[in-house]
Amino acid sequence: MSASAPVSAPPPVPPASAAPRAVPPLAGFFIDLGIAAVALIGLSMVTGLFWGFYRAIVVGYANAEANGGAMTAAAATTAVGQPGALAQILMALIATGGAALLLYFWRRPANAAERLASRQALRRPSTWGWTLLVATLIVLGSNGIAFLARQFGIEPVPTNVELMQSAIARFPLFLVLFAVVLAPAYEELLFRRVLFGRLWQAGRPWLGLILSSLAFALVHEVPGVSKNSWMGMAQLWLVYGGMGAAFCWLYRRTGTLWAAIVAHALNNAVALAAMVFLGST
C-alpha cells in the first residue's frame, strides 16, 4: 500500500432547501374562513354540551330532593329543556369570540408598526368624523332599504330578534354589554382584521371587501335556519352585507380597526334603543 494514497474527498454538501412557497392570498382567505367555521361550530358544540351537563346535574339534584327517585329519559329531557336567552348569548360570545381570537393570534396578529399606525389614527379628529358619518349612513341606509322592501310586502324579522327581546326583558345590562361592546369587538376582529385584512394586505382590498361582507351577511342570517322567505333573507343579506362593506371601507380609510368597532357599536346601540323604545325589529 502506498504511503501517498489519496485522502477520500468529503461528501458533497446538499443544496439549500428552497424557501416554502407562500400561500396565495385568496387561498389564505378561504383557509381562514374554514378555520373560523370549524372553531365556531366546535366551540358551539362544546358550550352546548357543557350547558346540557350542567342542566342535567341541576335537574337530577332537584328531582332527588323532591322525589328521591330516578327520572325516565323522556322526563329528564323535558326537564332539561332548551338554553334560555342568557345561555344562548354566552354560547355565542364564547363560540364567535373564541374563533375571532384564535384567528387573530394564530393567523393575523398585528405587528408593532400596525399598532403604532392605529394609535396615530386614533389621535386624528378625521378618524372620528368618518366614524360618525359611516355609522349615520348605515342607520339611514338600513332603514331606507327596510322602507322600500315594505312597499313590496317584504318585512323580514332578523333571526336574533326574538333572542334579543327575551334577553332585554330579563338581562338588560348584560345585553347592552354584549351587543354594544363585546359583539362589535370580536366581529370586527374576525371579519375586518382577519378576513378583509388578508386581502387588503395583498393589494386586493375590493375583493376582500366583497368576500368578507358576504361572509358577514351569511353568518347573521343563515340559510336553512332563518324563518324568513328568500326575498326576506335577500333584504337582510343586503343590509348586513352593506354594513360589512361600510366597516371595511372605514377600517381602510382611517387605518385603525377601532373606528370600525366604534361605528359597529353605535349601530347596535341605535338598533337596541329602537327595539326598546319603539318596538322596532
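What are the residues in the range 245-261 that are open to solvent by less than 10 Å² (accessible area, probe 1.4 Å) and either without any contact (Cβ under 8 Å) to a residue 12 or more places away in the chain or aliphatic (A, V, I, L, M) (or both), if any?
Leu250, Ala259, Ala260
Of everything in the range 1-60, what is exposed (fewer than 15 other Cβ atoms within 10 Å of the Cβ), hydroxyl-bearing (Ser, Thr, Tyr) and either in a helix (DSSP H, G or I) or modelled with pLDDT of 85 or more (or both)? Give them in sequence order.
Hit for the range 1-60 is Tyr54, nothing else.
Report whether or not Leu103 is in a helix (DSSP H, G or I), open to solvent by 30 Å² or more (accessible area, probe 1.4 Å) and touching a Leu at 6+ places or on another chain (Cβ under 9 Å).
no
Give me the helices (runs of 4 or more DSSP H) completely within the range 125-189, filtered to those with at least 1 residues that are open to solvent by less than 40 Å² (accessible area, probe 1.4 Å), modelled with pLDDT of 95 or more and farther than 24 Å from Trp237 by Cβ, ordered by residue number.
125-150
Just checking, does the range 178-188 include any residue being among the charged types (D, E, K, R), closer than 26 Å to Val23 by Cβ, in contact (Cβ under 8 Å) with a residue 24 or more places away in the chain and touching a Lys or Arg at 6+ places or on another chain (Cβ under 9 Å)?
no
The values are calculated or read from the model by the stated rules, or taken from the named source; none is laboratory data. Everything numeric in this text was worked out from a predicted model, so none of it was measured. Neighbour counts run over all protein chains shown; Cβ positions are idealised from the backbone, glycine included. Heavy atoms of the whole protein, side chains included, go into the accessibility calculation; ligands, DNA and RNA do not. Shrake-Rupley method; radii C 1.70, N 1.55, O 1.52, S 1.80 Å.
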